[in-house]
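The values are calculated or read from the model by the stated rules, or taken from the named source; none is laboratory data. Only a predicted model underlies this, so the values are computations on that prediction, with no experimental measurement involved. Positions of Cβ are generated from backbone atoms using ideal geometry, with glycine treated the same way; all protein chains shown enter the neighbour counts.
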Amino acid sequence: MKNNKKENQKHELISLLKNILQLKHKFKLRLGMVNPNNILPILDELIEIYKNAKIYKFLHIPIQSASNLILKHMNRAYAIEQAEQIISKFKKSFPNIVIATDIIVGYPIETESDHKLNKEFLEKFKPDVLNLSKFSSHKQTQVGKLKVLKNSIIKSRTTELMQLHRQTAKENKQKYQNKEIKVFINKHINQDLYEARDENYNIILIKTSKENLGKEVSAKIKEVGVHHMIGETIK
């Protein structure tokens, strides 16, 4: 009975996504954050679902650390190799997929070697979105009883990781320079400036009119940045 229950839970997300994507309405769906241990049992099925044109090619898979020693101490239910396997398989199926991840900097037992593993992960997988959090100690927890790292160390490592991320994330977007792509205009920012998203959930800022809000248009990318691109509509 227990095994059947676990198996059913694994397929709940798959069933939910299939049911939503079968709706006849015109929409785009973005899957939110999912931990590696929850993706792995449904990896192949999830990749098949991502082939649907209605789902953004965007994957938010938080690793928290690229060090298995840190992950084990955090009681995370996965190893970094499993997260890397998931990302590699998604990138093989969708070369332009946007990958987002989270890393906690300055965990009490984090060494320079652990920090190096985080850098190597960023250099290898080049996530487009990186959410960096500085470790926050809570005395009521077991880890809160450990001695925290010096603030100067945490600050230095955070700066180093963010600089590396900004470099690799901008490199990722170079392939879009002067390229014509389809974008969905979903938000008015101010005056004639609007926010749009491509099929990979990249942000594209476009000057256009309110008549295009909620519509898919063709755009040419004129500039690329770390977290967004600037485009113009093609008439």
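Quick notes on this structure:
- Whichever residue in region 142-172 is under 25 Å from F125 (Cα atoms) and of a type in the set (V, I, T) and, among such residues, is surrounded by the fewest Cβ atoms within 10 Å (Cβ to Cβ): T159
- Residues of region 173-199 that turn out to be crowded, with 18+ Cβ neighbours inside 10 Å and either at pLDDT 95 or above or within 17 Å of H227 (Cβ to Cβ) (or both), as a count: 9
- Once region 56-88 is narrowed to residues that are within 25 Å of H138 (Cβ to Cβ) and basic (K, R), the residue that is surrounded by the fewest Cβ atoms within 10 Å (Cβ to Cβ) is K72.
- Some residue of region 163-181 being touching a Phe, Trp or Tyr at 6+ places or on another chain (Cβ under 6 Å) and among the aromatic types (F, W, Y): no
- Among the residues examined, K170 qualifies as of a type outside the set (D, E) and touching a Gly at 6+ places or on another chain (Cβ under 7 Å).
- Lone unmet requirement of (1) outside any helix (DSSP H, G or I); (2) assigned by TED's automatic domain parsing to the domain that holds H60; (3) among the polar types (S, T, N, Q) for S218: (2)
- Positions within region 2-42 being under 24 Å from A79 (Cα atoms), in contact with a helix residue (DSSP H, G or I) (Cβ under 6 Å, 6 or more places away or on another chain) and at pLDDT 90 or above, in sequence order: I14, P36, I39, L40, P41, I42
- In region 16-41, residue farthest from L59 (Cα to Cα) [restricted to those that are hydrophobic (A, V, I, L, M, F, W, C) and over 18 Å from the mean Cα position of the chain (by Cα)]: L23
- For region 40-48, the criterion of being surrounded by 15 or more Cβ atoms within 10 Å (Cβ to Cβ) and touching a Leu at 6+ places or on another chain (Cβ under 7 Å) is met by at least one residue.
- Odd one out for N131, checked against (1) in contact (Cβ under 8 Å) with a residue 60 or more places away in the chain; (2) closer than 23 Å to N75 by Cβ; (3) assigned to a helix (DSSP H, G or I): (3)
- Just one of (1) more than 20 Å from N200 (Cα to Cα); (2) modelled with pLDDT of 95 or more fails for Y107. It is (2).
- Residue in region 57-66 that is part of a helix (DSSP H, G or I), at pLDDT 95 or above, among the polar types (S, T, N, Q) and not assigned by TED's automatic domain parsing to the domain that holds V183 present: no
- Unmet criterion (only one of (1) farther than 18 Å from E120 by Cβ; (2) polar (S, T, N, Q); (3) in a helix (DSSP H, G or I)) for Q85: (1)
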